[in-house]
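Scroll down for the structure; my scribbles are underneath it.
Values in this text are rule-based calculations from the coordinates and carry no lab data. Every value quoted in this text rests on a predicted model; they were computed, and no experiment measured them. Cβ atoms come from the backbone with ideal geometry, glycine included; neighbour counts cover every protein chain shown.
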Amino acid sequence: MALSMAFALGEEIGWRGFLAPQLAARFGFKTGALLTGIVWTVWHLPLVFFADYNSASPSWFGVTCFTALMLGMSVIMAWLRLRSGSLWTAVVFHASHNQFIQVFFTPATSLRGAKTSLAIDEFGFALPTIVVLVAIACWRNSPAANRSTEL
């Protein structure tokens, strides 16, 4: 987990430490969180397309699920970061995701049949569905929904 936190910290200093608060201050929480998520998704796409960071699911399906996951996680982590005032909430969330999904759950649920790749990992539908549902809860509890300018 320590190594995972070190890698996550490297990204999160930029994404949730700097970018998300700046965009939220300028555009509001919802737009700021989504813009951060778009940038974060684009940052990862070269790894998805040109490295071994993908799954056995069809590319169009995997990229769609991965994009939904990144946008949802961005909303959650921006909410945690701005609500707590601490970068560490996003770092721990990001590191936990990387550790548990990439190191434990994906290897434990590796392909068991032709359809498994459509459900598991960051490129299947299961995780993005759960993350988007949690992101909706954060979205609804955002400053705009509460008619507040601060988290």
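Quick notes on this one:
- Relative to the dominant Cα principal axis of the chain, helix 59-84 is inclined by about 30°.
- Fewest-first ranking of R16, R112, using other Cβ atoms within 10 Å as the exposure measure: R112, R16
- Only one item in (i) 27, 16, 14; (ii) 27, 21, 18; (iii) 32, 21, 14 matches semi-axes √(5λ) of the Cα gyration tensor in Å derived from the coordinates shown, and that item is (i).
- Mean Cα-pair separation over length for the chain, i.e. relative contact order, pairs under 8 Å, 6 or more apart, %: 31 percent
- To the nearest ten degrees, helix 88-97 and the longest principal axis of the Cα atoms of the chain are 10 degrees apart.
- Rounded tilt (10° steps) of 2-12 against the dominant C-alpha axis of the chain: 60 degrees
- Simple spin-label estimate for S86 and A6 gives 2.2 nm between the two label positions (7 Å along the Cα-to-Cβ direction from each Cα).
- Cα centre as origin, Lys/Arg/Asp/Glu Cβ charges: the chain dipole, Debye: 460 debye
- Between L3, W79, I13, the Cα set farthest toward the positive side of the dipole of the chain (charges on each charged residue's Cβ, about the Cα centre) is that of W79.
- With contributions of -39500 (n - 2.57) from each DSSP H run of at least four residues, the per-residue ellipticity at 222 nm computed over the chain stands at -20000 deg cm²/dmol.
- Net length gained if the chain between A51 and T116 were fully extended (0.36 nm per residue, minus Cα distance): 21.3 nm
- Exposure proxy ranking, count of Cβ atoms within 10 Å, fewest first, for V42, V75, V63: V42, V63, V75
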